[in-house]
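K.L.:
Here you go, one structure.
The values are calculated or read from the model by the stated rules, or taken from the named source; none is laboratory data. Keep in mind that what you see is a predicted model, and the values were worked out from it rather than measured. Note: ideal-geometry Cβ built from the backbone for every residue, glycine included; neighbour counts use all protein chains shown.
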Amino acid sequence: MSPSRDPDYPLSAVYGQALPRYFRGAYDDVKSLPRPERLEARTRGFARIGRLISDRRMNAIRGAESEVAERVQSIFDDVDVVITPGTATGPSRVGAYQRRGAISTLTLCAQRVPFQAVFNVTGQPAAVVPWGSDGNGVPTSIQLVGKPFDEATLLSLAAQIEQARPWAQRRPPVS
């Protein structure tokens with residue numbers, strides 16, 4: 001039987017790496033647009049937060065990236081693939097984020113997909129693939145995470161899952 005253990009997810013991977021990079025990326029993108037005033041208020045809110053993160057801070061964040069990646073990637077000393085839920089909860093209700101600000105929206109969305117951010121920061125290839133349906137017939141998924149530069153293993157595993165649990169012809173109920 002393959003070993004089973006949890007990856008080492010340091011809080012710094014999300015709070016010290018993912019969030020600052022996300023906000024600063026929004027700022028950098030927005031300032032390059034010809035008409036940023038046309039953006040949704042929430043997007044402009046992300047950019048305002050990103051404006052507070054200096055180039056010096058971003059250089060420090062990027063400098064710490066390899067330490068965080070090494071810690072998270074240590075799981076691959078024992079396993080070839082990490083499997084997490086695709087989401088922590090079901091889909092958001094239509095309109096759930098209307099009239100919410102940037103931080104509120106990000107917090108609510110992040111609660112639904114807590115397993116992706118750390119791997120975005122540390123650079124492992126990942127794939128979210130259909131898995132089944134919940135008790136209400138809503139599709140569920142799993143996330144496959146591989147070693148750096150090992151997309152081939154993920155694609156092979158995803159193909160095997162698709163063959164064992166075909167999804168293409170399934171349709172969730174529509175109310």
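K.L.:
Out of all the residues in the range 102-129, which are in contact (Cβ under 8 Å) with a residue 40 or more places away in the chain and in contact with a Phe, Trp or Tyr (Cβ under 7 Å, 6 or more places away or on another chain)?
P.N.:
Ala102, Thr105, Val118
K.L.:
Further question: Would you pick out the residues in the range 27-51 that are over 20 Å from Cys109 (Cβ atoms) and touching a residue at least 24 places away in the same chain (Cβ under 8 Å)?
P.N.:
Answer for the range 27-51, where residues must be over 20 Å from Cys109 (Cβ atoms) and touching a residue at least 24 places away in the same chain (Cβ under 8 Å): just Arg51.
For (1) hydrophobic (A, V, I, L, M, F, W, C); (2) in contact with a Lys or Arg (Cβ under 8 Å, 6 or more places away or on another chain); (3) under 25 Å from Glu65 (Cβ atoms), each residue gets a yes or a no:
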residue	(1), (2), (3)
Thr84	no, no, yes
Arg93	no, no, no
Val118	yes, no, yes
Pro148	no, no, yes
Glu151	no, no, yes
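K.L.:
Shifting gears a bit: Testing Arg5 on (1) of a type in the set (Lys, Arg); (2) part of a helix (DSSP H, G or I); (3) within 30 Å of Leu144 (Cβ to Cβ); (4) touching a residue at least 40 places away in the same chain (Cβ under 8 Å), one condition comes back false. Which one is that?
P.N.:
So Arg5 meets the others, but not (2).
K.L.:
Quick one: which helices (runs of 4 or more DSSP H) sit completely within the range 72-167 and have at least 1 residues that are modelled with pLDDT of 95 or more and over 19 Å from the mean Cα position of the chain (by Cα)?
P.N.:
Where helices (runs of 4 or more DSSP H) fall fully within the range 72-167 and carry at least 1 residues being modelled with pLDDT of 95 or more and over 19 Å from the mean Cα position of the chain (by Cα), they are 151-164.
K.L.:
Within the bounds of the range 157-165, is there any residue that is farther than 27 Å from Ala69 by Cα and either in contact (Cβ under 8 Å) with a residue 60 or more places away in the chain or among the basic types (Lys, Arg) (or both)?
P.N.:
Looking through the range 157-165, at least one residue is farther than 27 Å from Ala69 by Cα and either in contact (Cβ under 8 Å) with a residue 60 or more places away in the chain or among the basic types (Lys, Arg) (or both).
Residues are listed down the side, and each one gets a yes or a no for (1) within 26 Å of Phe23 (Cα to Cα); (2) surrounded by fewer than 14 Cβ atoms within 10 Å (Cβ to Cβ); (3) of a type in the set (Gly, Ala, Ser):
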| site | (1), (2), (3) |
| --- | --- |
| Ala117 | yes, no, yes |
| Val128 | yes, no, no |
| Gly135 | no, yes, yes |
| Val145 | yes, no, no |
| Pro166 | no, yes, no |
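K.L.:
Moving to a separate point now. Determine whether the range 90-101 contains at least one residue that is closer than 25 Å to Gln124 by Cβ and without any contact (Cβ under 8 Å) to a residue 40 or more places away in the chain.
P.N.:
No, that holds for no residue.
K.L.:
Looking at the structure I just gave you, is Phe23 crowded, with 16+ Cβ neighbours inside 10 Å, in contact (Cβ under 8 Å) with a residue 60 or more places away in the chain, assigned to a helix (DSSP H, G or I) and aromatic (Phe, Trp, Tyr)?
P.N.:
Taking the combined requirement at face value, the residue does not satisfy it.
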